[in-house]
1. Applying the selection to segment 62-94, what residues are in contact with a strand residue (DSSP E or B) (Cβ under 7 Å, 6 or more places away or on another chain) and open to solvent by less than 40 Å² (accessible area, probe 1.4 Å)?
2. Looking at segment 68-110 only, could you name the residues that are over 17 Å from the mean Cα position of the chain (by Cα) and under 21 Å from GLN191 (Cα atoms)?
3. Select from segment 38-54 the residues that are in contact (Cβ under 8 Å) with a residue 24 or more places away in the chain and not polar (S, T, N, Q) and write down the one among them that is surrounded by the fewest Cβ atoms within 10 Å (Cβ to Cβ).
4. Could you tell me which of the residues PRO109, PRO124 is of a type outside the set (Lys, Arg) and at pLDDT 90 or above?
Amino acid sequence: MAGICDTCHAGCCRTYNLIVTVYDALVISRDLGLPIAEFVTFLATRGEQIKLAGGKNTPIIFSDPGYEEVRFFVTLKRVDSRLIAGTLKCYFLQEWNRQEVVAARGDHPGARIAGRCGIYGSRPLMCQTYPTVLHNEGAVGFIGTPPPTDLQKVHEIYKICPEKWSPEAFVQDPAKALHSLVLYNYETNFQNRCLAEWNASPGLMKGFFPFMLRAYGERFRLNLDMVASTPEVKKDDNPAPIPE
């Protein structure tokens, strides 16, 4: 089915510092066989930047010397575009010049340049749900057209979406989109709880991921109440025959 993203040049994958959860990093590392340090970095923020960058994400505190007033977020790395000199893109974004110009896009870069996620099946939850949000009560989702950013004044490749978003234009299965929103909400809340514990007694930057990996490794546990008693043995007066 054709959709609004068919002529996408991936402006969002070029513009934003994509904050990811540790869950996202674990999924990508597992699926691609890459160490986490290969594709994530810590985004340093100060003052008003902290709230603007983080949104619902809890900032990370480190005890390393010189970081007393700095707060960090885990993001995917941004690297130099090999196609458009002087611009940045997501570490996993694939890009190429189109063989045929999309006339309907006019002078928008999406008319000439294509961009696609190189890890689409393992992409972070924020990417899976963009540009939608979950209602506070968790029952419905909302979709909106992403606003322009100041970066598009630097280069046209940073223009986000040239078309208005609508539920009709969003061709993804609505139920799957809502499930992704609920999972994103859960993973964000779980990570924030882990970060509250970390930030109460912050350690060095190098100890952050070992700490988080231990927390994630312990979040699915055995309920001892379910195995404390021996199951009842039921006598079957008409047992099934055992094949010879």
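The values are calculated or read from the model by the stated rules, or taken from the named source; none is laboratory data. Source: prediction; values computed, not measured. All Cβ positions, even for glycine, are placed from backbone atoms using ideal geometry, and neighbour counts span all protein chains on display. The area values use the complete protein model at the heavy-atom level, side chains included, leaving out ligands, DNA and RNA. Shrake-Rupley method; radii C 1.70, N 1.55, O 1.52, S 1.80 Å.
1. To start, the set of residues in segment 62-94 that are in contact with a strand residue (DSSP E or B) (Cβ under 7 Å, 6 or more places away or on another chain) comprises 62, 70-81, 83, 88-94.
Once the filter is applied, which keeps residues that are in contact with a strand residue (DSSP E or B) (Cβ under 7 Å, 6 or more places away or on another chain) and open to solvent by less than 40 Å² (accessible area, probe 1.4 Å), segment 62-94 yields PHE62, VAL70, PHE72, PHE73, VAL74, THR75, LEU76, SER81, LYS89, CYS90, PHE92, LEU93.
2. Selection gives VAL70, ARG71.
3. Applying the first criterion (in contact (Cβ under 8 Å) with a residue 24 or more places away in the chain) to segment 38-54 yields 39-46, 53-54.
Adding the requirement that they be not polar (S, T, N, Q) leaves 39-40, 42-44, 46, 53-54.
Values: PHE39: 20, VAL40: 22, PHE42: 16, LEU43: 20, ALA44: 13, ARG46: 9, ALA53: 19, GLY54: 17.
Applying the filter and picking the extreme gives ARG46.
4. Working: PRO109 fails: at pLDDT 90 or above.
That would be PRO124, the only listed residue that is of a type outside the set (Lys, Arg) and at pLDDT 90 or above.
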